[in-house]
1. Give me a comma-separated list of calculated 3J(HN,Hα) values for region 90-105, in order, Karplus coefficients 6.51, -1.76, 1.60 applied at θ = phi - 60°, integers in Hz, x for any Gly or Pro.
2. In whole Hz, what ³J(HN,Hα) sequence does region 27-38 give by Karplus (6.51, -1.76, 1.60; θ = phi - 60°), x for Gly and Pro?
3. Hey, what do the phi angles of region 2-12 turn into as Karplus ³J(HN,Hα) couplings, whole Hz, using 6.51/-1.76/1.60 and θ = phi - 60°, x for Gly and Pro?
4. Once the convex hull of the C-alpha atoms of region 1-91 is built, how many Å³ does it hold per residue, rounded to a whole number?
5. Given a Förster radius of 41 Å and the C-beta distance between GLU121 and ILE31 as r, what FRET efficiency does 1/(1 + (r/R0)^6) yield to the nearest 0.05?
6. Can you give me the long-range amide H partners of ALA109? Hydrogens built in the peptide plane at 1.01 Å from N, cutoff under 5 Å, separation of 5 or more residues or another chain.
7. Which residue, chosen from ALA50, ILE13, PHE23, occupies the Cα position most advanced towards the positive end of the dipole of region 1-66, where the dipole is computed from +1 (Lys, Arg) and -1 (Asp, Glu) charges on Cβ about the Cα centre?
8. Cα centroids of region 15-53 and region 84-104: how far apart, whole angstrom?
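Bear in mind that the values in this text are calculations on the coordinates, not laboratory data. A quick note: this is a predicted structure, and the numbers were derived from the prediction, not measured. Heads up, the Cβs are rebuilt from the backbone with ideal geometry, glycines too, and the neighbour counts pull from every protein chain shown.
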Amino acid sequence: MEKRSFLRAFTQILMSVSVRFLFLVFLLFLILQGVQVAYRYGHGLMYDHAMEASPGRELTLDIREGESWKEVGERAKSLGLIQNSQAFALKAKLYHSKLLPGKYTLSTAMTQVEMLDSITEEGKKNQELSDKNLVTETEDQSTEESREDQEIGGGNENE
C-alpha cells in the first residue's frame, strides 16, 4: 500500500511539474512570437528600404478624392511598391504628408519616405497648376468678356 501511495504521489508531482513546464514553454513560445512580430513591424517602420535595386520599375499610383493613407497604402502594396501598408500609413501621418488626388509615377527603387515626399511635392505642384489654370481661365474669360463689351460698345459709338 505504501508503495502504491508513493507511486501515486510521485506521478501526481511528476504530472504537475510536467504541466507547469509545458505551460512555461508555451508562454515562452508566445513571447518569442510577439517579439518577432514587434521586430518585423518596427523594422518595417524604422528601416527605410526600397523594394528593388535601382533603377527599379516605374508604376503609376492613382489617388482618388477622399481616400485615406491606409487605402493608398493598400493599393501601393498591391502594386508592389511597399511591403507594409500600415507602416506606410503611419509614416505618412508622422511625416505630415499631404494626400492630394492625382496620378503619381513612383518607382520600386524608392523608399517609403521618398514616395511620401514625391506624392506630397507632386500633389502640391499639381494643386498649384490647377489653381493657376483656374485663375488663368477666369482671367481669360473676363478678358474675352471685356473685349466683347468693348467691341459692342465701340461699334455703337462709331455709328
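1. Coupling constants for region 90-105: 5, 4, 4, 6, 5, 8, 6, 6, 8, 10, 10, x, x, 9, 10, 9 Hz.
2. With coefficients 6.51, -1.76 and 1.60, one gets 5, 4, 4, 4, 4, 5, 5, x, 5, 5, 4, 4 Hz.
3. Values per residue, Gly and Pro as x: 4, 5, 5, 5, 5, 5, 5, 5, 5, 5, 5 Hz.
4. Here the figure is 144 Å³ per residue.
5. 0.45
6. GLU52, ARG57
7. Toward the positive end, the furthest listed residue is ILE13.
8. Region 15-53 and region 84-104 have Cα centres separated by 28 Å.
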